[in-house]
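Down below is the structure, laid out as structure tokens.
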Amino acid sequence: GAFVAFWYFATYKGLEFQPVIVASSTVFILVISLLGITYSVMSASWDPDDDGSSLGLAEFNVNIGNIMDGLKRTKENAIIRDNMSGMPEEEVQRAIKALDKRDERLKKLSKQEKRLEEMNR
């Protein structure tokens, strides 16, 4: 939009603009648009059972937490893969079971937190 406006004013109105002004305003609008799109995705409720709020501030925080947890798990998984490369198969299976148990405990905790939140409403 901004580039077209600058072109229109330059072509039909005879106004001249510094290229830096044209470039910076175009980049500024692009950055603002990308931030808006990112916020709209991050503030949406990723839980199909939850409608979410109008501004999505709570959902934004939850979704950022989910992303951070995913990145943490990815880092942990990379470390585990490196450690597993020289381990016997039995130890690998034990480590996988331990991780599965940890994930189940975390899921139970998050379900309990949701229940407590619903009870407090």
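Would you please put 43-51, 10-18 in order of how densely packed they are, using the mean number of other Cβ atoms within 10 angstrom per residue and starting with the highest?
Those peptides, ordered most packed to least, come out 43-51, 10-18.
Show M119, M68, M84 ordered by accessible area, largest first, where the area counts protein heavy atoms only and the probe is 1.4 Å.
Listed by decreasing accessible area, they come as M119, M68, M84.
Pick out the long, greasy-scoring helices in the chain: whole DSSP H runs spanning 27 Å or more along their own axis by Cα, mean Kyte-Doolittle at least 1.0.
Membrane-span-like by this criterion, though nothing is claimed about a membrane: 19-42.
Helix-derived [θ] at 222 nm for the chain: sum -39500 (n - 2.57) over DSSP H runs of at least 4, divide by residue count, nearest 500?
So the calculated ellipticity at 222 nm is -27500 deg cm²/dmol.
Could you point to the residue in T38, N77, S53 farthest towards the positive end of the chain's charge dipole, with +1 and -1 charges on the Cβ of Lys/Arg and Asp/Glu respectively?
N77
With every protein chain in place, what's the accessible area of R94 (1.4 Å probe, Å², nearest 10)?
Counting only protein heavy atoms, the figure is 150 Å².
Percent of accessible area on the stretch 1-111 owned by carbon and sulfur, 1.4 Å probe?
Its accessible area is 64 percent carbon and sulfur atoms.
Report Rg/Rh for the stretch 68-121, rounded to two decimals, where Rg is the Cα radius of gyration and Rh the Kirkwood radius.
Rg divided by Rh gives 1.18.
When the Debye formula is applied to the Cα atoms of the chain, each taken as the same point scatterer, what base-10 log of I(q)/I(0) results at q = 0.14, 0.16, 0.20, 0.21 Å⁻¹?
-0.83, -0.93, -1.13, -1.17
What's the magnitude of the charge dipole for the chain around its Cα centre, counting Lys and Arg as +1 and Asp and Glu as -1 at the beta-carbon? Answer in Debye, nearest 20.
160
The values are calculated or read from the model by the stated rules, or taken from the named source; none is laboratory data. Fair warning: this is a prediction, and the values are worked out from it, not measured in the lab. When we count neighbours, we look across all protein chains shown, and the Cβ atoms used for this are built from the backbone with ideal geometry, even at glycine. The protein model used for the area step is the full one, side chains on, heavy atoms only, and it has no ligands, DNA or RNA in it. Shrake-Rupley method; radii C 1.70, N 1.55, O 1.52, S 1.80 Å.
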